[in-house]
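The structure under discussion appears below in the form of structure tokens.
The values are calculated or read from the model by the stated rules, or taken from the named source; none is laboratory data. Since the model is a prediction, treat every value here as computed from it, not as a measurement. Here Cβ is always computed from backbone atoms with ideal geometry, including for glycine, and neighbour counts include all displayed protein chains. In case anyone asks, the SASA skips ligands and DNA or RNA and just uses the protein heavy atoms, side chains included. Shrake-Rupley method; radii C 1.70, N 1.55, O 1.52, S 1.80 Å.
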Amino acid sequence: MERFARYLSPEKVAFFQSVGIDFVFGRREGPYVWDVEGPRRLINCHCNGGVFNLGHRHPEIIRVLKENLSELDIGNHHFISEPRARLAKKMAELSPGDITNTIFGVSGGEAIDLALKVARGYTGRHKIISASGAYHGHTGLALATGDAKYRDPFGPNLPGFVQIPFNDVSALAAEMDENTAAVIFETIPATLGMPIPDPDFYSNVKKACERHGALLIVDEIQTGLGRTGTLWGCEQFGIVPDILVTGKGLSGGIYPISATCLRSDLNGVFSKDPFIHISTFGGAEIGCEVALAVLELSSNPDFLQHVNALAAFFKGAFKSLQSKHPQILVGLRQLGLMMGIEMVNEMCGPVLSKTMFDNGVLSVYANNDTRVSQFLPPLIIDMELAEEIMQRVDRALEDARRMLEL
Ligand SMILES: Cc1ncc(COP(=O)(O)O)c(C=O)c1O
């Protein structure tokens, strides 16, 4: 901690010490992480927003990585690549509708930036509409879609970006015009506390985009790869976006990789100059092998069925807790295992993060709606562990209620 404070961030160390969460990730396996020094063990229900969908160090991912390390490395980002082609083919097979082409990146922010570049290049327009409180990353264009608090300290804002309330079709209609290049939403906005949109929200958004010749970009960086009980969250709303972005879990928690998936006509943006966008580490060949293994595991019908069985369990368990803790618990926001614990006021999220930690569960509040605690268990937990997690959540809610004198 002393070294971290000295060479990285004294403020972060001071913050975690002040809230009594002085935990340093040591050994990790499956759903568990252990403190580097002590016996403390946490069940990871934060999962870095889906990076650890398959748990920590999934044996199949480790096997694939080790096997390919004997032959592969990053590769060359300018040249034709066999692993990249194989992964892109798999992405096309698994992507909704007529999405056939993929461009790889390293981080989610990079992949979002590219989606926005493609939308502008394809439409020749500049306006981008996003949701207030949404989060698409802290890189250039992604940052510009987000809230002012994250961009204002860093100089002039980029022109052409507009935010509207999430799940508000009239607000969207009022902003759509002949300058609109794209509308971008996280299928379920995580940093906004997992609000679940109306069932017809996305079909209305899609219609509005079609009416105005704008593109619909869905950010599936958290909702993708089985989190919601289908491979992609947008499938649950019966729509096909123009661009789908994935990241986080695609890494298997082992090798960073992200992807911007497009209809083939959108790929035409690069026809004049196919080298106009490049990423040195994007689609690194060793990462492609890892991502292929992730897709194989995450698209397995038995795996998705398991996610849905767990989701049904958590739904029932939270319903019972609601009658037990009405002073603090409002309810569960849920689509599959994309879950947010909604509570009565904005102090509850931070306090529950602490009482969850004290009860052996890692779960972090939503930064843009602190009434909500993001609750994202790994998708591979068994029912017995799900039950144990809920016993711990029960105690954590009671501790938080007492702490807040509710
Ligand atoms: C929905 C969503 N989009 C984009 C990002 C940015 O991803 P990255 O941190 O890999 O740039 C995140 C990261 O938390 C995210 O949750």
Considering every residue within region 89-108, establish whether at least one is farther than 27 Å from Leu337 by Cα, touching a residue at least 24 places away in the same chain (Cβ under 8 Å) and within 16 Å of the ligand (Cβ to nearest atom). yes
Any chance Ile21 is under 25 Å from the mean Cα position of the chain (by Cα), at pLDDT below 95 and either at negative phi or part of a strand (DSSP E or B) (or both): yes
Residue check: is Asp168 closer than 27 Å to Met343 by Cβ, surrounded by fewer than 22 Cβ atoms within 10 Å (Cβ to Cβ) and within 16 Å of the ligand (Cβ to nearest atom)? no
Residues within region 180-196 that are part of a loop (DSSP other than H, G, I, E, B), within 16 Å of Asp168 (Cα to Cα) and among the hydrophobic types (A, V, I, L, M, F, W, C), tallied: 4
Tell me, please, whether a residue that is without any contact (Cβ under 8 Å) to a residue 24 or more places away in the chain and closer than 22 Å to Pro197 by Cβ can be found in region 386-398. no
Filtered residues of region 109-125 (kept if more than 11 Å from the ligand (Cβ to nearest atom) and closer than 22 Å to Gly287 by Cα): Leu114
Is there any pair with a first residue in region 1-25 that is within 22 Å of Leu362 (Cα to Cα) and in contact (Cβ under 8 Å) with a residue 12 or more places away in the chain and a second that is open to solvent by 80 Å² or more (accessible area, probe 1.4 Å) and of a type in the set (Val, Ile, Thr) whose Cβ atoms are under 7 Å apart and which are 6 or more apart or on different chains, and what are they? Val24/Val36
Can you tell me which residue in region 230-279 is farthest from Pro96 (Cα to Cα), limited to those that are within 16 Å of the ligand (Cβ to nearest atom) and of a type in the set (Val, Ile, Thr)? Ile254
For Ala111, are the conditions met, namely being surrounded by 19 or more Cβ atoms within 10 Å (Cβ to Cβ), hydrophobic (A, V, I, L, M, F, W, C) and touching an Asp or Glu at 6+ places or on another chain (Cβ under 8 Å)? no
Is region 142-161 home to any residue that is assigned to a strand (DSSP E or B), more than 16 Å from the ligand (Cβ to nearest atom), open to solvent by less than 50 Å² (accessible area, probe 1.4 Å) and not basic (Lys, Arg)? no
So if I check each of Val344, Val351, which one is in contact (Cβ under 8 Å) with a residue 24 or more places away in the chain, open to solvent by 60 Å² or more (accessible area, probe 1.4 Å) and not charged (D, E, K, R)? Val344
Considering (1) within 13 Å of the ligand (Cβ to nearest atom); (2) aliphatic (A, V, I, L, M); (3) open to solvent by less than 10 Å² (accessible area, probe 1.4 Å); (4) in contact (Cβ under 8 Å) with a residue 40 or more places away in the chain, say which one Ala181 fails and leave the rest. (1)
Residues being of a type in the set (Gly, Ala, Ser), outside any strand (DSSP E or B) and within 12 Å of Gly49 (Cα to Cα): count how many of those fall in region 358-375. 1
Under the condition of being away from the ligand (no atom under 16 Å from the Cβ) and open to solvent by 40 Å² or more (accessible area, probe 1.4 Å), which residue from region 189-202 is farthest from Val330 (Cα to Cα)? Asp200
Among (1) surrounded by 23 or more Cβ atoms within 10 Å (Cβ to Cβ); (2) assigned to a strand (DSSP E or B), Val118 falls short only on (2)
Condition first: at negative phi and surrounded by fewer than 24 Cβ atoms within 10 Å (Cβ to Cβ). Now tell me which residues in region 203-230 satisfy that. Ser203, Asn204, Lys206, Lys207, Ala208, Cys209, Glu210, Arg211, His212, Leu216, Thr230
Do you know which of the residues in region 53-88 that are open to solvent by 60 Å² or more (accessible area, probe 1.4 Å) and either within 20 Å of Asp242 (Cβ to Cβ) or assigned to a loop (DSSP other than H, G, I, E, B) (or both) is nearest to the ligand (Cβ to nearest atom)? Arg57
Of everything in region 302-334 that's polar (S, T, N, Q) and free of Cβ contacts under 8 Å to residues at least 24 places away in the same chain, which residue is nearest to Ile188 (Cα to Cα)? Gln305
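Listed here are the residues, each with its yes/no results for (1) open to solvent by less than 60 Å² (accessible area, probe 1.4 Å); (2) modelled with pLDDT of 95 or more; (3) not in a loop (DSSP other than H, G, I, E, B).
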position	(1), (2), (3)
Val290	yes, yes, yes
Leu304	yes, yes, yes
Val307	yes, yes, yes
Lys315	no, yes, yes
Pro377	yes, yes, no
Which condition number in (1) more than 16 Å from the ligand (Cβ to nearest atom); (2) more than 24 Å from Gly50 (Cα to Cα); (3) not basic (Lys, Arg) is the one that Ile128 fails? (1)
